[in-house]
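All remarks here apply to the structure that follows.
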Amino acid sequence: MTDLPADPPADQTDGHPENLPAEADVAICGAGPIGAATAYFLARTSPELRIVVLSADPADDPGHVSTYRYSGGSIRWTWPDPVKQEMTTETAAFVQGLLADGVDLAAIENTYHLLHTGEHIPALNISATRLVAHLLEQAADAGAQIVSDAVVEGVRPDGSGHLVDTARGTVRAERVLVALGAANARLFPQTGTELEKRQLFVLDLPVPPERARMPHTIVPVGDGFGYAFVKSVEGRLRVLVGQEDIVEDDDLSGPVDHWTALLDSGLGTALPWLRDAKVEQILWGVDVAQKKLVLDEPSPGLLLAGCGSSVRSSAWLGRTLAERLVAQPVPSPRARPGSAGSRPPARR
Ligand SMILES: Cc1cc2nc3c(=O)[nH]c(=O)nc-3n(C[C@H](O)[C@H](O)[C@H](O)COP(=O)(O)OP(=O)(O)OC[C@H]3O[C@@H](n4cnc5c(N)ncnc54)[C@H](O)[C@@H]3O)c2cc1C
């Protein structure tokens, strides 16, 4: 049993560290679904801006969790809540457009099956690491600079802009987006965002062809719910089972094997064919609990963004945050000749 990521990390450097720029118009801290999607939309709609993405992974900074690497990558786009509905519909359309263009996100189309209503609701399961890698690649093609080994250590005000301190040096940027996922709270403890611990069990159960489009089944488990679905992990179809917040509140140390408890608390009764399965891998991560955008602006031009279930909302989040970042003009002393930094953002 390991807690290895489901896919290879999105390394943009082939092992060659990039130069850290001294200045940028926009610095995006963190290259998870939120940071990568924002870089993608910003670079494509505002190519005149100097955009730098400051990214690191736990190999550079063992203290932090890179949540998207453990994501189930599930995108369901129908919700009674109108905000969730808008966020996920836009993302599903965006992802389906990428798939139609032949982008390989290791996608599985299936449905959500709500056991209590018997409803089947359309859904997709994608690889979040592939999505992030694709978004960063496209952002880089559109002119953004991706620095993939820059551990962000703090953000300080500096005149009209901000200084972003990293383990490799300091970048001055007019506007800064902090999108470090669960690690946002490390840099800005006062934000007090509630965190959620999630586990996904990757089972050693063989997936027969007729189960390849198995409904993503929601099961009441204890006081909450569990879910079981099929997804491609490391190129092979696997049955995955997840439940949120099953790790003890004060335990951020890593995966805990709650498989037997999950089966005993209702999963084994609802889905008896799972009873003989063994756990092959536990994917574990800490997520921002709020399922909608949590946006804070501690000082003008400094945005702090978090959102639980960001994969299924990534396109909406990226476009929205890109629009926020260009909503005010870059102050004129920094604006370069011909800069159109103040023009209204394109809406996709
Ligand atoms: C087990 C599990 C299953 C999930 N399933 C789903 C699902 O099916 N569908 C869905 O939509 N969501 C799912 N999620 C939630 C989803 O993965 C998160 O909401 C999403 O990853 C959050 O994106 P983010 O960009 O805010 O943060 P993250 O994904 O955590 O990305 C932040 C990035 O910043 C980097 N970073 C952190 N600190 C620093 C630093 N100091 N300097 C530089 N870089 C740093 C991290 O390495 C990471 O690359 C799941 C989560 C878990 C744990």
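The values are calculated or read from the model by the stated rules, or taken from the named source; none is laboratory data. Every value quoted in this text rests on a predicted model; they were computed, and no experiment measured them. With ideal geometry, Cβ positions are generated from the backbone for all residues, glycine too; neighbour counts draw on all protein chains shown. SASA here: full protein model, heavy atoms, side chains in, ligands and nucleic acids out. Shrake-Rupley method; radii C 1.70, N 1.55, O 1.52, S 1.80 Å.
Checked against (1) within 8 Å of the ligand (Cβ to nearest atom); (2) in a helix (DSSP H, G or I), Leu42 passes all but condition (1). Taking segment 101-129 as the range and being assigned to a loop (DSSP other than H, G, I, E, B) and of a type in the set (A, V, I, L, M) as the test, the residues that pass are Val103, Leu105, Ala106, Ala107, Leu115, Ile126.
To keep it simple, each residue is scored yes or no on (1) out of contact with any helix residue (DSSP H, G or I) (no Cβ under 7 Å at 6 or more places or on another chain); (2) open to solvent by less than 50 Å² (accessible area, probe 1.4 Å); (3) on the phi < 0 side of the Ramachandran plot.
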| position | (1), (2), (3) |
| --- | --- |
| Asp57 | yes, yes, yes |
| Asp60 | yes, no, yes |
| Tyr68 | no, yes, yes |
| Arg76 | no, yes, yes |
| Pro80 | yes, no, yes |
| Thr89 | yes, no, yes |
| Ala93 | yes, no, yes |
| Asp104 | no, no, yes |
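Screening segment 56-74 for residues that are free of Cβ contacts under 8 Å to residues at least 40 places away in the same chain and more than 7 Å from the ligand (Cβ to nearest atom) and picking the one that is farthest from Val233 (Cα to Cα) gives Pro62. Selection over segment 172-228 of residues that are within 30 Å of Ala327 (Cα to Cα), away from the ligand (no atom under 12 Å from the Cβ) and under 24 Å from the mean Cα position of the chain (by Cα) gives a count of 8. When the criteria are applied in full, Val53 meets the requirement of being touching a residue at least 24 places away in the same chain (Cβ under 8 Å), in a strand (DSSP E or B) and within 30 Å of Gly254 (Cα to Cα). For segment 161-176, the count of residues that are surrounded by 22 or more Cβ atoms within 10 Å (Cβ to Cβ), touching a strand residue (DSSP E or B) at 6+ places or on another chain (Cβ under 7 Å), at pLDDT 90 or above and not in a strand (DSSP E or B) is zero.
In segment 306-324, the residues that are under 21 Å from Thr191 (Cβ atoms) form Cβ pairs under 8 Å with partners that are part of a loop (DSSP other than H, G, I, E, B) and β-branched (Val, Ile, Thr), at six or more places apart or across chains, as follows: Gly306/Thr193.
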